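J.: This structure is in structure tokens; I'll ask about it shortly.
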Amino acid sequence: MKLLLFRILRITGWSVLSIFISLITIGIMFTNLSPQFGKDPSPEKKNHYEKSPNFKEGKFQNLIPTSMDMDFWKAVKMLPKFFAGTPNSRPDFELPVVKVDSLDLVNSPSPTQLIWFGHSAFLLQLDGKNILLDPMFGEVPAPHPLLGRSRYSKELPIEVEKLPEIDMILFSHDHYDHLDYGSIQKLKSKTKMFLVPLGVGSHLEHWGVEPSKIKELDWWQEISHEELFFAFTPSRHFSGRGLGNRFSTLWGSWVIKGQVDNIYFSGDGGYGPHFTEIGEKYGPFDFAMMECGQYNENWKEIHMMPEETAQAGIDIRAKTIMPIHWGAFTLAMHSWTDPVERVLEKSKELNLPVVIPKIGQFIEFKENNLPQETWWINP
């Protein structure tokens with residue numbers, strides 16, 4: 001009897017071990033062979049990054065100490081809420097999406113206009129140029145559809161294939177909800193130029209983008225292109241697409257200046273003194289797209305709370321702000337409308353104008369012509 005029990009335990013043990021090894025093997029193969037993970041910068045490029053004051057000990061750094069750790073017991077306490085789910089974490093109605101005709105993009109009467117695709121993705125038309133900001137047009141912000149939850153809206157305002165020729169694409173960092181492999185495959189042949197943080201060019205080259213189209217920038221670097229001005233400015237965040245490449249590429253925000261309008265795009269990040277510095281150096285801004293979503297008190301150093309979003313708008317000297325990083329995906333344990341409700345309340349206290357357009361709705365930079373509907377309230 002004891003011998004039989006030993007044999008059963010031994011067989012069971014080997015079976016569990018075999019399954020465990022198989023899962024690890026599949027995971028390693030998926031990580032190494034799937035193009036969605038991109039490619040880390042080469043040793044030659046890393047040697048070049050050593051010249052950057054923001055690259056130390058083989059990785060990029062934030063300007064001020066920023067904790068990425070969460071206490072073990074805090075994580076344990078969060079588990080019940082995580083598995084139970086958050087009330088109102090997704091819309092319980094079909095979001096209103098304004099459909100965009102490709103002809104409207106070609107025949108735009110306004111020198112500056114924006115179209116929001118949800119989350120942090122935009123088409124900016126500025127002085128006759130078409131500029132995409134963090135164009136994540138995919139269904140799921142993850143390396144595989146089974147590893148994430150789908151987009152709220154069933155369709156985009158316009159199909160990627162129907163977008164006009166793109167003069168340039170700007171990326172804030174390489175996380176999946178901002179830099180999407182599938183979107184790049186659809187956009188690379190119709191895009192003239194990519195402006196990206198240091199290191200992100202390695203992903204794009206791996207995905208077939210011509211190196212001559214890619215320009216990598218460090219914080220505070222500036223570039224003028226066809227009468228437009230761009231500056232890559234700091235944010236308080238992190239990067240990485242794989243299991244072991246956190247901080248391998250830089251992250252940040254963008255200043256975009258046309259002949260008339262001055263625009264700020266925050267990317268992702270926690271609150272910090274960099275906002276004041278950016279405002280003093282490049283402000284005031286006519287319009288600022290400010291991160292406001294996917295936050296939690298346990299990781300507030302890398303994602304702003306809504307009240308901080310409003311204050312950051314004041315710090316950068318913005319005339320009007322728009323909360324972004326919400327309205328498309330659930331990536332944190334707050335209700336999907338919590339970002340706009342809280343940022344509106346704080347902005348009212350600070351006397352800061354806020355714009356919250358429908359997905360696909362044109363935003364024209366004219367006084368008294370900015371969207372004001374409370375479309376996120378279930379009709």
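The values are calculated or read from the model by the stated rules, or taken from the named source; none is laboratory data. Treat the numbers as computed from the prediction; the structure is a model and nothing was measured. Note: ideal-geometry Cβ built from the backbone for every residue, glycine included; neighbour counts use all protein chains shown. Ligands, DNA and RNA are excluded from the accessible area calculation, which covers all protein heavy atoms including side chains. Shrake-Rupley method; radii C 1.70, N 1.55, O 1.52, S 1.80 Å.
J.: So Val260 ticks every box in (1) surrounded by 19 or more Cβ atoms within 10 Å (Cβ to Cβ); (2) assigned to a loop (DSSP other than H, G, I, E, B) but one. Which box is left unticked?
T.: (1)
J.: How many residues, within segment 344-355, are closer than 21 Å to Gln294 by Cα and open to solvent by 10 Å² or more (accessible area, probe 1.4 Å)? Outline the logic, then answer.
T.: Keep residues of segment 344-355 that are closer than 21 Å to Gln294 by Cα, which gives 344-347, 354-355.
Imposing the further condition that a residue be open to solvent by 10 Å² or more (accessible area, probe 1.4 Å) reduces the set to 344-346, 354.
The number of residues fulfilling the criteria is 4.
J.: Select from segment 128-140 the residues that are closer than 30 Å to Lys257 by Cα, modelled with pLDDT of 95 or more and open to solvent by 10 Å² or more (accessible area, probe 1.4 Å) and list them in ascending order.
T.: Taking segment 128-140 as the starting set, the residues that turn out to be closer than 30 Å to Lys257 by Cα are 128-138.
Now narrow it down to the ones that are modelled with pLDDT of 95 or more: 129-138.
Answer for segment 128-140, where residues must be closer than 30 Å to Lys257 by Cα, modelled with pLDDT of 95 or more and open to solvent by 10 Å² or more (accessible area, probe 1.4 Å): Lys129, Asn130, Phe137, Gly138.
J.: Please go through segment 244-254 and pick out each residue that is touching a strand residue (DSSP E or B) at 6+ places or on another chain (Cβ under 7 Å) and more than 15 Å from Val196 (Cβ to Cβ). Write out each step before concluding.
T.: Initially, segment 244-254 is screened for residues touching a strand residue (DSSP E or B) at 6+ places or on another chain (Cβ under 7 Å), giving 247-254.
Result: Phe247, single match.
J.: OK, next. When you scan segment 203-254, how many residues do you find that are within 16 Å of Ile302 (Cα to Cα) and open to solvent by 50 Å² or more (accessible area, probe 1.4 Å)?
T.: Adding up the residues that qualify gives 1.
Matching residues to (1) in a helix (DSSP H, G or I); (2) open to solvent by 50 Å² or more (accessible area, probe 1.4 Å); (3) at pLDDT 95 or above:
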site: Ile256; (1), (2), (3): no, no, yes
site: Ile278; (1), (2), (3): yes, no, yes
site: His303; (1), (2), (3): no, no, yes
site: Met322; (1), (2), (3): no, no, yes
site: Ala328; (1), (2), (3): no, no, yes
site: Arg342; (1), (2), (3): yes, yes, yes
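J.: Consider only pairs whose beta carbons are under 7 Å apart and that are at least six residues apart or on different chains; among these, list those whose first residue lies in segment 311-331 and is polar (S, T, N, Q) and whose second residue is part of a strand (DSSP E or B).
T.: Thr320/Phe287
J.: Spot the failing condition for Asp167; the list is (1) on the phi < 0 side of the Ramachandran plot; (2) open to solvent by less than 10 Å² (accessible area, probe 1.4 Å), and only one is missed.
T.: (2)
J.: Another question, then. Do we find a residue being farther than 18 Å from Ile363 by Cβ and either aromatic (Phe, Trp, Tyr) or without any contact (Cβ under 8 Å) to a residue 40 or more places away in the chain (or both) anywhere in segment 103-111?
T.: Taking every residue of segment 103-111 in turn, at least one turns out to be farther than 18 Å from Ile363 by Cβ and either aromatic (Phe, Trp, Tyr) or without any contact (Cβ under 8 Å) to a residue 40 or more places away in the chain (or both).
J.: Determine which member of the set Asn296, Asn351 is without any contact (Cβ under 8 Å) to a residue 12 or more places away in the chain, of a type outside the set (D, E, K, R) and over 20 Å from Asp134 (Cβ atoms).
T.: Numbers: Asn296 fails: without any contact (Cβ under 8 Å) to a residue 12 or more places away in the chain.
The match here is Asn351.
J.: To continue, here is another question. Take segment 200-229 and flag every residue that is touching a residue at least 12 places away in the same chain (Cβ under 8 Å) and hydroxyl-bearing (Ser, Thr, Tyr).
T.: Matches in segment 200-229: Ser202 only.
J.: May I pose another question? I'm checking my understanding of the structure. Among residues of segment 356-371 that are part of a loop (DSSP other than H, G, I, E, B) and either farther than 21 Å from Val97 by Cβ or aromatic (Phe, Trp, Tyr) (or both), which one is least open to solvent (accessible area, probe 1.4 Å)? Reasoning before the result, please.
T.: Taking segment 356-371 first, the residues part of a loop (DSSP other than H, G, I, E, B) are 356-358, 360-361, 365-371.
From what's left, either farther than 21 Å from Val97 by Cβ or aromatic (Phe, Trp, Tyr) (or both): 365-368.
On the way: Phe365: 47, Lys366: 100, Glu367: 167, Asn368: 160 Å².
The qualifying residue least open to solvent (accessible area, probe 1.4 Å) is Phe365.
J.: Hey, could you check segment 52-71 for residues that are of a type in the set (D, E, K, R) and in a loop (DSSP other than H, G, I, E, B) and say which is least open to solvent (accessible area, probe 1.4 Å)?
T.: Applying the first criterion (of a type in the set (D, E, K, R)) to segment 52-71 yields 56-57, 59, 69, 71.
Filter once more, keeping what is in a loop (DSSP other than H, G, I, E, B): 57, 69, 71.
Values: Glu57: 171, Asp69: 127, Asp71: 82 Å².
By that ranking, first place goes to Asp71.
J.: If you take the residues of segment 244-283 that are aromatic (Phe, Trp, Tyr) and more than 18 Å from Pro65 (Cβ to Cβ), which of them is farthest from the chain's Cα centre (by Cα)?
T.: Per the criteria, the residue is Tyr282.
J.: Go through (1) within 24 Å of Val140 (Cα to Cα); (2) assigned to a loop (DSSP other than H, G, I, E, B) and name the single condition Thr374 misses.
T.: Every listed condition holds for Thr374 apart from (1).
J.: Right, here's the next one. Hey, Ala332 hits all of (1) of a type in the set (A, V, I, L, M); (2) surrounded by 22 or more Cβ atoms within 10 Å (Cβ to Cβ); (3) outside any helix (DSSP H, G or I) but one; which does it fall short on?
T.: Going through (1) of a type in the set (A, V, I, L, M); (2) surrounded by 22 or more Cβ atoms within 10 Å (Cβ to Cβ); (3) outside any helix (DSSP H, G or I) one by one, Ala332 breaks only (2).
J.: So is Phe247 closer than 20 Å to Gln61 by Cα and either outside any strand (DSSP E or B) or among the polar types (S, T, N, Q) (or both) or not?
T.: On the way: closer than 20 Å to Gln61 by Cα: yes; either outside any strand (DSSP E or B) or among the polar types (S, T, N, Q) (or both): yes.
Here the answer is yes, as Phe247 does meet what is asked.
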